[in-house]
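Down below is the structure, laid out as structure tokens.
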Amino acid sequence: MVRPNINNYEKARERMILEQLVPRGIIDQKVLEVMGKVPRHLFVEDALQAQSYSDFPLPIGEGQTISQPYIVALMTQMLNLRGDESVLEIGTGSGYQAAVLSRLCERVFSVERIKPLFVKARKIFDQLLYFNILCKIDDGTMGWPANAPYDAIMVTAAGPDIPQALVDQLADPGRMVIPIGDRTSQRLTLVTKEDGEIKVRDGEAVRFVSLIGAQGWEP
Ligand code: SAH
């Protein structure tokens, strides 16, 4: 059996792009390029590393999951980043999504409610020298007012409604992507703010872990 090594992971990333992302409509070249570089296997535990580029989500402990690569690509593409944005992410989890975002914008602020996940993610950001990611432990449904407004916001856990605090902290113009629905199935929702006007558009059917907090679900 061939043991996975760094080179194999590079090949695994190439295959992930060609087999999972491009055929499903990920066309943003910068998103593809970044996902071809960020070492996704480092964001899961050792025993799962060999599966980390496969077409499904994986457990990351504490009952949470790292999203399937396609969903990470799709949500990132929906934000339409140019490189100079300040981005807020709710639900740091493994840290993988924040890592991808951090290569595509100026600064990422990421909020996680579960301390062990926050601690692990922060360690990997340091290891990879991703110094433009700032994280904190808190209820992300209240956003991160101190650094608002954000040009883009991504929520990687699913809520019943769009938290008002996040709409308030979105810049004008600004884009937010958030899965909205019930606790088992949701729609990837795009919220845009332009000239003071808020528009909400429903997208792909998805299944995310619950957004828990003051403007989310009960624990
Ligand atoms: N973006 C992550 C996905 C992790 S799963 C990744 O790339 O791995 C979603 C995460 O949202 C979980 O870690 C969960 O603890 C967190 N979460 C749920 N409700 C939250 C809230 N109100 N504030 C901050 N984080 C929350």
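The values are calculated or read from the model by the stated rules, or taken from the named source; none is laboratory data. For clarity, every value in this text was computed on a predicted model and none was experimentally measured. A quick note on method: Cβ atoms are made from the backbone with ideal geometry, for glycine too, and the neighbour counts reach across all protein chains shown. Ligands, DNA and RNA are stripped out before the accessible areas are found, and what is left, the full protein with its side chains, is counted by its heavy atoms. Shrake-Rupley method; radii C 1.70, N 1.55, O 1.52, S 1.80 Å.
Observations on the structure shown:
- In order along region 198-213, the phi-based Karplus estimate (6.51 cos²θ - 1.76 cosθ + 1.60, θ = phi - 60°) of 3J(HN,Hα) comes to 9, 10, 10, 10, 7, x, 3, 6, 9, 9, 10, 5, 6, 7, 10, x Hz; Gly and Pro are listed as x.
- Per residue, the convex hull around the alpha carbon atoms of region 160-203 comes to 56 Å³.
- Mean sequence separation of contacting Cα pairs (under 8 Å, at least six apart), scaled by the length of the chain, corresponds to a relative contact order of 14 percent.
- Taking one quarter of the surface of the C-alpha convex hull of the chain gives a mean projected area of 11.4 nm².
- Cleavage-rule hits, GluC sites (Glu not before Pro), region 19-56, DSSP coil, Cβ neighbours within 10 Å at most 15: 45
- Percent of alpha-carbon pairs separated by more than 23 Å within region 98-219: 31
- Euclidean distance of C-alpha centroids, region 36-52 and region 148-207, integer Å: 28
- Distances between every pair of Cα atoms in region 18-120, grouped in 5 Å steps from 0 to the bin holding the largest one, split as 2, 13, 24, 25, 20, 12, 4, 0 percent.
- Cross-link partners of residue 199 among lysines (Cα-Cα below 30 Å; sequence separation of 8 or more within a chain): 30, 136
- Carbon-plus-sulfur accessible fraction, the chain (probe radius 1.4 Å, protein heavy atoms only): 50%.
- Proximal charge balance of residue 193 [Cβ under 15 Å; K/R count +1, D/E count -1]: -4
- Residues whose placed amide H lies under 5 Å from that of residue 158, excluding near-sequence neighbours: 209, 210, 211
- Between the amide H of residue 203 and those of 188, 189, 190, distances stay under 5 Å, these residues lying 5 or more places away or on another chain, with hydrogens modeled in the peptide plane.
- Helices in the chain, meaning DSSP H runs of at least 4 residues, each add -39500 (n - 2.57). Divided by all residues, the mean residue ellipticity at 222 nm is -7000 deg cm²/dmol.
- Per residue solvent-accessible surface (Å²) - the chain, probe of 1.4 Å: 49
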